[in-house]
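The values are calculated or read from the model by the stated rules, or taken from the named source; none is laboratory data. Keep in mind that this is a model prediction, so the values were computed, not measured. Methodologically, a virtual Cβ is constructed for each residue, glycine included, from the backbone with ideal geometry; neighbour enumeration extends over all protein chains shown. Ligands, DNA and RNA are stripped out before the accessible areas are found, and what is left, the full protein with its side chains, is counted by its heavy atoms. Shrake-Rupley method; radii C 1.70, N 1.55, O 1.52, S 1.80 Å.
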Amino acid sequence: MKDYIVRATAANNQIRAFAVDSKEMVEKARQAHNTTPVASAALGRLLTAGSMMGAMLKGEKDILTLQVKGSGPIGGITVTADEKANVKGYVNNPDVDLPLNSEGKLDVAEAVGLGIMNVIKDIGLKEPYGGQTHLVTSEIAEDLTYYFANSEQTPSAVALGVLVDKDYSIKQAGGFIIQLLPNADEEVVDKLEKVIQSMESITSLLDQGKTPEDILEILLGDMELNILEKVPTKFYCNCTREKVEKALISVGKKDIKEMIEDGEDIELNCHFCSSKYIFTPEDLKKLI
Ligand code: ZN
């Protein structure tokens, strides 16, 4: 099944909710970057969040960037998403390999380390705007919960999960973001807290075959859940040879001339999708 996001409201518009099945997207990212299991989990969680936050954007050209920068061996994670929930991303070190944590799970927190999260929104204003918060647990979901509360003043529950199979392929991936709108009353808040506390992990729900709709039903089924729409989402990179050429031109004539004199092909890789672009000395001459 293809990845999709379900967008919903509940409790008479006091809650807005998103849930996503992001397995294919995370698998595609894993294949593009050849990530180890812990790197797949870290990148996959941020991609999963990015897909839902992309679906929150309103303008056709709006772009969201999520950056996690930490002291851990993964170095950093970058994800961008557009309003159509096209998502792409990479980690600085896809080879990071760590033992499982004390709960027997992939140790994303250790891979990321202490650091910050940047959420940057480019919605066509002169300057992109955004918020920066420090990482709370470095497990990504809690860090986003903290971001929403502190930078957007929106109390939220965020769950993100990636289950890696024995052959390192992605077995399950998905998540949800539940947000309380400013008019939410105490009763709704309490009810939601109880449901979330007693809930199984997102990966175990997905592994039982639960869909994003089912997951929202579990969370909000007795709070007048109202499913609004289903939005397709995917790993997609919009890089082109033309864009890479522009980047190459921006290094300056002098450097390009040196490359030509070296007489060797130049290989450039897209950070986001690992696509290779090769420029022969002949190609470089045309650029000048
Ligand atoms: Zn690309």
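For segment 259-284, the set of residues classified as surrounded by 12 or more Cβ atoms within 10 Å (Cβ to Cβ) and either more than 11 Å from the ligand (Cβ to nearest atom) or of a type in the set (Asp, Glu) (or both) consists of Met259, Ile260, Asp265, Ile266, Phe279, Thr280, Pro281, Asp283, Leu284, listed by residue number. Residues in segment 86-141 that are assigned to a strand (DSSP E or B), closer than 21 Å to Gly174 by Cα and away from the ligand (no atom under 16 Å from the Cβ): Met117, Val119. The residue that is nearest to Lys171 (Cα to Cα), counting only those in segment 1-60 that are among the hydrophobic types (A, V, I, L, M, F, W, C) and in a loop (DSSP other than H, G, I, E, B), is Met1. The C-beta contact set for segment 110-121 (first residue basic (Lys, Arg), second residue part of a strand (DSSP E or B) and open to solvent by 20 Å² or more (accessible area, probe 1.4 Å), distance under 7 angstrom, 6+ apart or interchain) comprises Lys121/Tyr129; Lys121/Gly130. A single member of Glu213, Glu245, Glu229 is in contact with a strand residue (DSSP E or B) (Cβ under 9 Å, 6 or more places away or on another chain), away from the ligand (no atom under 16 Å from the Cβ) and open to solvent by less than 70 Å² (accessible area, probe 1.4 Å), and it is Glu213.
Residue count for segment 192-203 satisfying the condition of being open to solvent by less than 70 Å² (accessible area, probe 1.4 Å) and over 20 Å from Met25 (Cβ atoms): 4. The criterion of at least 3 residues that are assigned by TED's automatic domain parsing to the domain that holds Gln172 is met, among strands (runs of 3 or more DSSP E) falling completely within segment 183-288, by 226-232.
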